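Student: The structure that follows is given in the form of structure tokens.
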Amino acid sequence: MPTNRRQMLAGTAAGLAAAATGAASPAAAAPEAFAMPRGLTLLNLRGSDGPRLGVKTNRGILDAVAAGEALGLPAPRDMDDLLQNGRGETLARLVAAARERGTPALYAREETVSFAPLVTRPEKIIMMGFNYRTHAAETGTPVPKDPPLFNKYNNSLNHHGGTIKLPVNAAKQFDYETELVIVIGRECRDVPEAEALDYVAGYATGNDFSARDLQRLTSQFMIGKTCDGFAPLGPYLVTSDLVGDPNNLRIETVVNGEVRQDWNTNDMIFNCRQLISFASKVMTLKPGDIFFTGTPQGVILGLPQDKRFWLKPGDKVVSRLEKLGELRFDLA
């Protein structure tokens, strides 16, 4: 039985028991219904004690853990705690209390904070290949009839402002792929396309960084995709209600100040609803899972052979998605 369903039944049973005995059940003891975050722009902060959940507000960045301690309220520890345990209502109460009762000291200027990977403990990192017609065309790849999914692992997770240490002893052909990333917020299996976006917590900017020579070494993409740090993600998770239609967002890549990709997510072959529905037919999607949705044309691999100047140490990459913020990382 899904976790959220068990929690709902547990809450109902507790309420009936209290009613039968005439006892008032303390609010703090009542199980909280599983809830996704809403109306928020979220991030993971880097702390000496590990990732800490942050909330971007018009007053600055709210450290949820510190705010909870200051206000005597429960708080999600980090993004994975928030998503995997459905603590959206806990966070909403904390943000409201900080706004009403908190002091300016609870907020930090964004330029003073350090970002952690947006999620750190996803059960799955799902990748989608050749999901833009223009990208399939530039690489000479037939338009896929079904979504060609592959994977990365948690070792590849990287953060806004981070650095990718290029594995130059194993590969030479390093390339960028800016992508819209779906962050799952509710467990789902066999989801119809019409309902698929109801299971999304939010969206983020990501880069499916790639070593093309490793990617094409065999018929499997994995070794060219999951080197350490090859999945920069962030800076924010913007909840789905603030984004609206995920398939109408401008998407860009800038390398050393030069625009390399500039397109729109409306060119996806399989849109976000279709991707979620398809994947949910073959695996259970869990809260905190992340789904990279493919990249448009403009990658180095799509250029003529004599114009393929692969990325190198010292290069600076910026990935942008409308409404989702600007992801920056360096190569070393």
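Student: Which of the residues spanning the range 173-184 are touching a helix residue (DSSP H, G or I) at 6+ places or on another chain (Cβ under 6 Å) and either polar (S, T, N, Q) or assigned to a loop (DSSP other than H, G, I, E, B) (or both)?
Tutor: Gln173
Student: For residues that are in a loop (DSSP other than H, G, I, E, B) and closer than 14 Å to Ala332 by Cα, scanning just the range 126-172, find the one that is nearest to the chain's Cα centre (by Cα).
Tutor: Across the range 126-172, the extreme among qualifying residues is Gly161.
Student: While we're here: Residues in the range 113-161 that are of a type in the set (Phe, Trp, Tyr) and more than 19 Å from Pro232 (Cβ to Cβ): how many?
Tutor: 2
Listed here are the residues, each with its yes/no results for (1) within 14 Å of the chain's Cα centre (by Cα); (2) aliphatic (A, V, I, L, M); (3) surrounded by fewer than 23 Cβ atoms within 10 Å (Cβ to Cβ).
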| position | (1), (2), (3) |
| --- | --- |
| Ala231 | yes, yes, no |
| Thr239 | yes, no, yes |
| Leu275 | no, yes, no |
| Ser280 | no, no, yes |
| Trp310 | no, no, yes |
| Glu322 | no, no, yes |
| Leu327 | yes, yes, no |
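Student: Do we find a residue being surrounded by 13 or more Cβ atoms within 10 Å (Cβ to Cβ) and at pLDDT below 95 anywhere in the range 34-48?
Tutor: The answer is yes, given that some residue of the range 34-48 is surrounded by 13 or more Cβ atoms within 10 Å (Cβ to Cβ) and at pLDDT below 95.
Student: Sort out which residues of the range 207-256 are more than 22 Å from Trp310 (Cβ to Cβ) and in a strand (DSSP E or B), and write them in order of number.
Tutor: Leu233, Leu237, Val238, Thr239, Arg250 - these are the residues of the range 207-256 that are more than 22 Å from Trp310 (Cβ to Cβ) and in a strand (DSSP E or B).
Student: I've got another one for you. Would you pick out the residues in the range 66-97 that are in a helix (DSSP H, G or I) and closer than 17 Å to Thr120 by Cα?
Tutor: Met79, Asp80, Asp81, Leu82, Leu83, Gln84
The values are calculated or read from the model by the stated rules, or taken from the named source; none is laboratory data. These figures come from a predicted structure and were not determined experimentally. All Cβ positions, even for glycine, are placed from backbone atoms using ideal geometry, and neighbour counts span all protein chains on display.
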